[in-house]
Every structure is written in C-alpha cells, then in structure tokens.
Amino acid sequence: MLKDADPGTFNGIYIVCGFTDLRYGIDSLAAIIERRYHMELFRPNTLFLFCGRSASKIKGLLWEGDGFLLLYKRVESGRFSWPRTSDELRSLSPEQFRWLMRGFSVDPVIHDVNPEQSA
C-alpha cells in the first residue's frame with residue numbers, strides 16, 4: 001500500500017530521523033510526535049513515518065479525522081535508506097516519499113559546489 005500510495009493524498013509527510021523502537025504502538029508513537037517535536041498530531045491525512053534499527057521495517061501513523069491508522073511495512077529483501085545521523089522530524093516532498101518507498105535515499109548524493117578556481 002505505501003509503495004503505491006499517491007503522496008498527493010497526504011497533507012504532509014514527515015519522517016522521524018534516527019531509530020525508533022517499533023514495539024511502540026499508536027499512543028507511544030503519538031507521544032513522540034507531540035512531546036519531542038511539539039507537532040500538531042491531529043491534522044487529517046498527515047503521515048508520520050518511523051524506522052527501526054534494522055531499517056527493513058517502518059511504521060506509519062496517520063490521523064484520519066476519526067481515529068489513527070497504524071501502518072507497518074516490512075521489506076523481505078533490502079532496506080529503507082533512512083536518515084540516521086540526527087534525531088529530528090523532517091518533512092518530505094512527494095518526490096522524496098516515492099524515493100523512500102522504492103529504497104532510494106531521500107537526501108541528494110550529488111551536491112552543488114561553487115569552486116573558487118578552475119583547474
């Protein structure tokens with residue numbers, strides 16, 4: 001479902017960088033969003049994604065207006081390319097969401113540079 005989901009249907013897509021204990025359920029994941037990041041949790045069609053240490057499993061928390069939907073995805077081969085270096089909440093563009101769901105990094109690997117001299 002997540003791989004084929006149209007990211008345009010979400011009002012916002014956020015990932016919690018770093019590791020999250022995926023034994024957590026709806027209440028604990030919601031508390032992370034509210035207490036650690038001071039983010040409004042009850043925004044309809046806003047998807048929050050969490051990744052475990054192995055990076056082969058993710059959980060999603062989605063407020064649908066009348067309750068939460070808890071999503072769980074485990075890939076059988078490969079891993080999600082998840083930002084691990086910081087403990088922040090990051091917003092994803094629809095394009096970055098598609099990259100993530102297909103196993104690519106959400107961070108560009110080629111960066112713009114401004115050389116001071118030519119060779």
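Throughout, read-outs are computed from the coordinates displayed, never taken from laboratory work. Just so we're clear, the structure is a prediction, and the values are computed from it rather than from any experiment. A quick note on method: Cβ atoms are made from the backbone with ideal geometry, for glycine too, and the neighbour counts reach across all protein chains shown.
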Gaussian network model of the chain, Cα within-10 Å springs - most flexible of 20, 46, 85: 85
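Once you sort the root eigenvalues of the Cα gyration tensor of the stretch 1-106 as a ≥ b ≥ c, which label holds: rounded (a/c under 1.5), prolate (a/b larger than b/c) or oblate (the other case)? Write down the numbers at each step before the final one.
Working: a/c = 1.44, a/b = 1.19, b/c = 1.21.
Judged from the Cα gyration tensor, the stretch 1-106 comes out rounded (a/c under 1.5).
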Cα gyration tensor, the stretch 58-119 - rounded (a/c under 1.5), prolate or oblate: prolate
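Give, rounded to the nearest 20 debye, the magnitude of the charge dipole that the stretch 25-119 has about its Cα centre when Lys and Arg contribute +1 at Cβ and Asp and Glu contribute -1 at Cβ.
The dipole of the stretch 25-119 has a size of about 480 debye.
Can you give the longest run of the chain that contains no chymotrypsin sites (Phe, Trp or Tyr not before Pro) sitting in a DSSP loop with at most 13 other Cβ atoms inside 10 Å? All intermediate terms of the calculation are to be shown ahead of the outcome.
On the way: sites that count: 42, 104.
Longest gap between qualifying sites, sites excluded: 43-103.
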Signed unit charges on C-beta, dipole axis of the stretch 1-72, positive-most listed residue 22, 32, 70: 22
Filtered GluC sites (Glu not before Pro), the stretch 34-69: DSSP coil and at most 11 other beta carbons within 10 Å: 40, 64
Gaussian network model of the chain, Cα within-10 Å springs - most flexible of 62, 71, 47: 71
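For a quick check of your reading of the filter: which trypsin sites (Lys or Arg not before Pro) in the stretch 1-62 sit in a DSSP loop and have no more than 15 other Cβ atoms within 10 Å?
Values: sites: 3, 23, 35, 36, 53, 57, 59; in loops: 3, 23, 53.
Those satisfying the criteria are 3, 23, 53.
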